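Trainee: Pasting in a structure now, in structure tokens, and then I'll have a few things to ask.
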Amino acid sequence: MVIKLENINKSFGKLKVIENISFSLSKGEKLVLLGPSGCGKTTLLRIIAGLESFEGIVIKNFKKLGYVFQEPRIIPWKTIYKNLKFVEENDKKIENILKTLKIYEFKDYYPNKLSGGMKQRVNLSRALVIEPDLLLLDEPFASLDIHIKWNIINDLLNEWRKRNFSMIMVTHDIKEAIMLGDRILVLSNRPSKIIKEYIISEKINEEKLTREIIELWTHEVKA
Amino acid sequence: MKFLYGILIFILIWWVLSVFINSLFILPSPLTVGKVFFEIIQTKTLWDALTSSIYKGFIALILTILIGFILGFFMGICDFCFEILRPILTVFQSVPVISWLVLVIFLWGIGTRGPIAITVLSLLPNTTFAVAYGVKNTDKNLLEMAKVYNVSKKKIFKDLYLGSVGPFILTALEVVSGNLWKVIFVSEYLCGKNGIGVQIAWARQYVDIPKVYALTIFAVVLGILSERLSKLFVKIFLKDWEYGN
Ligand SMILES: Nc1ncnc2c1ncn2[C@@H]1O[C@H](COP(=O)(O)OP(=O)(O)O)[C@@H](O)[C@H]1O
Ligand SMILES: [Mg+2]
């Protein structure tokens, strides 16, 4: 077990954002939390990262945490290389991860010269360079072209196969969830609660699953 | 080139006006002043005075930046400090040089410390505010990112706070270097023992108007030179922040 959440509740003032969420994550597992926009996904990741107060219990059993933020959060006055150097001293590790994510040749670029896809690659490589035991990903591929999205996910999976860390990704994109997850927890509209769990196998019928999830969300809105 | 034409036109107007006014005490002709100018730049007195002024300017600049940085940094990270210090600095900002004079003369009499203190006091508020706003403007998202990755305090200070204060400091430096000499000369004039300001005071005492003008030209040249120099300095340093363009 890498992390375990028990009965997590969270409100911002009167706004209830998270309701009774519990789950646990085993080592090497890729978990996706799939929920509609504004349901509280970012808040949940922030709770896990220790950036937000909450009610309930979080049991942490990992050393290093990598966090791919929803916004790139790159230091604008530093080159890509120096941005990674900010979190990791080891030059060899920095070079390797930049090569894995195919941005090594841009290592001396300033962030404002980069496209959105490249910024996300930097955001991701900063999370990976520290060799995390748990990697949090907050809609990391939203707003990227489908082929760029695929490419980055592939590079990420290559690194995962090498190092076998655990991942929690949150997204509202069903396709993305199926692409990456071993297990999907479907979240309701705000306040988020877990309304369904899917184990993803090779033989999964993507279309059927997509229809089912959309159905779930629509019903939930009516209720 | 345009700069030169500007100066030529300026001298021409000056010359015409001096012919019309025709009084050595109000407006001596450019030629008279020029002669005096070339006379005085050959005297040791002038260069000693200049050394003294530059020395004071340099010390004042360093003190201003040092104190401004420390105060500004704390004002930036601590809202309470900001609220406490803001009114004090705002008052300082509007105290006329002449009022500091009373205090300074009472404390140290005529000498070197007075002009330095007055200069620091008049330049400090702007510098401090610049640093404080720079620190306050440090991106909260980046600070949070640093926290998640357990980045050391030292690195956060150097790479995040200094990085975002940088551009503010450089603009402050430009403003300060533009005003530095004016304040230095005035305070020398009022309570200095030597320096360009003191030279002007003496020339005035002996009603040597051409010399006052010649010294003024000298001061103007010094001001322009130091502004150019600081712009160059800023440009070199801004390389680190060139992401902005
Ligand atoms: N610091 C905060 N203060 C008040 N409300 C917040 C705060 N952070 C998020 N919220 C609100 O909580 C809800 C969930 O936000 P978020 O977790 O960002 O959703 P998601 O990431 O799923 O789009 C939103 O309605 C948002 O406006
Ligand atoms: Mg979000």
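Trainee: Scan region B:44-56 and give yes if some residue there is under 29 Å from B:Y133 (Cβ atoms), under 27 Å from the mean Cα position of the chain (by Cα) and surrounded by fewer than 17 Cβ atoms within 10 Å (Cβ to Cβ), otherwise no.
Mentor: no
Trainee: To continue, here is another question. For region B:176-184, does any single residue satisfy the condition of being surrounded by fewer than 17 Cβ atoms within 10 Å (Cβ to Cβ) and of a type in the set (A, V, I, L, M, F, W, C)?
Mentor: no
Trainee: For region A:190-223, what are the residues that are surrounded by 10 or more Cβ atoms within 10 Å (Cβ to Cβ) and charged (D, E, K, R)?
Mentor: Scanning region A:190-223 gives A:R190, A:K193, A:K196, A:E197, A:E206, A:R211, A:E212, A:E215, A:E220.
Trainee: Any chance region B:133-156 includes a residue that's away from chain A (no Cβ under 14 Å), aliphatic (A, V, I, L, M) and in contact (Cβ under 8 Å) with a residue 24 or more places away in the chain?
Mentor: Checked region B:133-156: at least one residue is away from chain A (no Cβ under 14 Å), aliphatic (A, V, I, L, M) and in contact (Cβ under 8 Å) with a residue 24 or more places away in the chain.
Trainee: From A:N96, A:N83, grab the single residue that is away from chain B (no Cβ under 14 Å), polar (S, T, N, Q) and not in a strand (DSSP E or B).
Mentor: A:N96
Trainee: In addition: Answer yes or no as to whether A:D155 is loosely packed, with under 15 Cβ neighbours inside 10 Å and either over 23 Å from A:S26 (Cβ atoms) or under 20 Å from the mean Cα position of the chain (by Cα) (or both).
Mentor: Criteria not met by A:D155.
Trainee: Let me ask something additional. Where the second residue is hydroxyl-bearing (S, T, Y) and within 13 Å of ligand 2 (Cβ to nearest atom) and the first is in contact (Cβ under 8 Å) with a residue 12 or more places away in the chain and within 25 Å of A:E220 (Cα to Cα) and lies in region A:39-52, which pairs have Cβ atoms under 6 Å and are six or more apart or on separate chains?
Mentor: Listed by first residue and then by second, the contacts come to A:C39/A:S192; A:G40/A:S192.
Trainee: Could you tell me whether any residue of region A:36-52 is more than 27 Å from A:I199 (Cβ to Cβ) and more than 16 Å from ligand 2 (Cβ to nearest atom)?
Mentor: Scanning region A:36-52, I find at least one residue that is more than 27 Å from A:I199 (Cβ to Cβ) and more than 16 Å from ligand 2 (Cβ to nearest atom), so the answer is yes.
Trainee: Between B:T51, B:T32, which is assigned to a helix (DSSP H, G or I), polar (S, T, N, Q) and at pLDDT 90 or above?
Mentor: Just one listed residue meets the conditions, B:T51.
Trainee: Within region A:160-179, is there a residue that is without any contact (Cβ under 8 Å) to a residue 12 or more places away in the chain and assigned by TED's automatic domain parsing to the domain that holds A:I47?
Mentor: So far as region A:160-179 goes, yes, one or more of its residues are without any contact (Cβ under 8 Å) to a residue 12 or more places away in the chain and assigned by TED's automatic domain parsing to the domain that holds A:I47.
Trainee: Then there's this: Let me confirm something: among A:G66, A:G50, A:G117, A:G56, which residue is more than 9 Å from every other protein chain (Cβ to nearest Cβ) and either within 15 Å of ligand 1 (Cβ to nearest atom) or touching a strand residue (DSSP E or B) at 6+ places or on another chain (Cβ under 9 Å) (or both)?
Mentor: Exactly one residue qualifies, and that residue is A:G56.
Trainee: Regarding B:S177, is this residue of a type in the set (S, T, Y) and under 16 Å from the mean Cα position of the chain (by Cα)?
Mentor: yes
Trainee: While we're here: Taking only region A:142-169 into account, find how many residues are within 16 Å of ligand 2 (Cβ to nearest atom) and either within 14 Å of chain B (Cβ to nearest Cβ) or of a type in the set (V, I, T) (or both).
Mentor: Residues flagged as within 16 Å of ligand 2 (Cβ to nearest atom) and either within 14 Å of chain B (Cβ to nearest Cβ) or of a type in the set (V, I, T) (or both) within region A:142-169 amount to 1.
Trainee: Also, quick follow-up: Condition first: more than 16 Å from ligand 1 (Cβ to nearest atom), surrounded by 17 or more Cβ atoms within 10 Å (Cβ to Cβ) and closer than 25 Å to A:R46 by Cβ. Can you find one or more residues in region A:105-113 that meet it?
Mentor: So far as region A:105-113 goes, yes, one or more of its residues are more than 16 Å from ligand 1 (Cβ to nearest atom), surrounded by 17 or more Cβ atoms within 10 Å (Cβ to Cβ) and closer than 25 Å to A:R46 by Cβ.
Trainee: Hey, among A:I75, A:I80, which residue is over 30 Å from A:N9 (Cβ atoms) and touching a residue at least 40 places away in the same chain (Cβ under 8 Å)?
Mentor: On inspection, the qualifying residue turns out to be A:I80.
Trainee: Another question, if that's okay. Conditions first: (1) buried (at least 22 other Cβ atoms within 10 Å of the Cβ); (2) within 16 Å of ligand 2 (Cβ to nearest atom). A:E139 passes all but one, so which condition is the exception?
Mentor: (1)
Trainee: Can I ask one more? Inside region A:120-150, can you point out the residues that are assigned to a loop (DSSP other than H, G, I, E, B), away from ligand 1 (no atom under 16 Å from the Cβ) and touching a residue at least 40 places away in the same chain (Cβ under 8 Å)?
Mentor: A:I130, A:E131, A:P132, A:D133
The values are calculated or read from the model by the stated rules, or taken from the named source; none is laboratory data. Since the structure is predicted, the reported quantities are computational estimates derived from the model, not experimental observations. Please note: Cβ atoms are built from the backbone with ideal geometry, for glycine as well, and neighbour counts cover all protein chains shown.
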